[in-house]
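Values quoted throughout were computed directly from the atomic coordinates according to the rules given, and no laboratory measurement underlies them. Owing to the predicted nature of the structure, the values given are computational and were not obtained by experimental measurement. Here the Cβ is made from the backbone with ideal geometry for all residues, glycine too, and neighbour counts use every protein chain on show.
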Amino acid sequence: MKKTAVSAQEDPSALIDRRILELGDWRGEALARMRKLIRQADPKVVEEWKWNVPVWSHGGIVCTGEAYKKAVKLTFAKGASIDDPAGLFNSSLDGNTRRAIDIAEGVQVDEKAFKALVKAAVAFNTRA
């Protein structure tokens with residue numbers, strides 16, 4: 001997979017669009033689907049491009065979206081601090097801060113539970 005070249009003036013959303021197209025397989029479809037759910041869960045989410053990966057933020061980082069050979073990984077920056085009643089977190093479970101969801105080919109994440117997780121992450125980031 002060719003890495004997305006970044007220019008300082010490029011729109012982060014356009015870079016995410018390009019990454020999805022570059023993947024060109026089930027990983028691009030999964031990343032696009034999860035991006036759509038993130039934006040539905042929080043219409044005020046800000047799309048960013050950091051560390052050569054998509055980042056969604058609201059009051060701080062909500063999650064990043066990385067594509068690997070066998071998984072799309074959504075890493076929640078403060079995942080250890082938010083409730084996950086549906087048990088979506090299945091990776092990075094040993095740390096004190098982050099939690100991640102690894103999505104393998106053919107796996108469908110529970111949309112309602114995922115949106116609730118995004119909302120919980122935003123609430124954690126924006127608490128007073």
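Charges only on Cβ, +1 for Lys and Arg, -1 for Asp and Glu: so what's the dipole of the chain about the Cα centre, in debye to the nearest 20?
Here the chain has a charge dipole of around 100 debye.
Explain nothing, just the number: relative contact order of region 1-99, from Cα pairs under 8 Å at least 6 residues apart, as a whole percent.
17 percent
Projected onto the charge dipole of the chain (+1 at Lys/Arg Cβ, -1 at Asp/Glu Cβ, origin at the Cα centre), which of 87, 108, 120 gives the Cα projection farthest towards the positive end?
Result: 120, furthest along the dipole toward the positive end.
Above 21 Å lies some portion of the pair distances; for the chain, what is it as a whole percent of all C-alpha pairs? The partial results should precede the final answer.
Working: 2863 of 8128 pairs.
That tail contains 35 percent of the Cα-Cα pairs.
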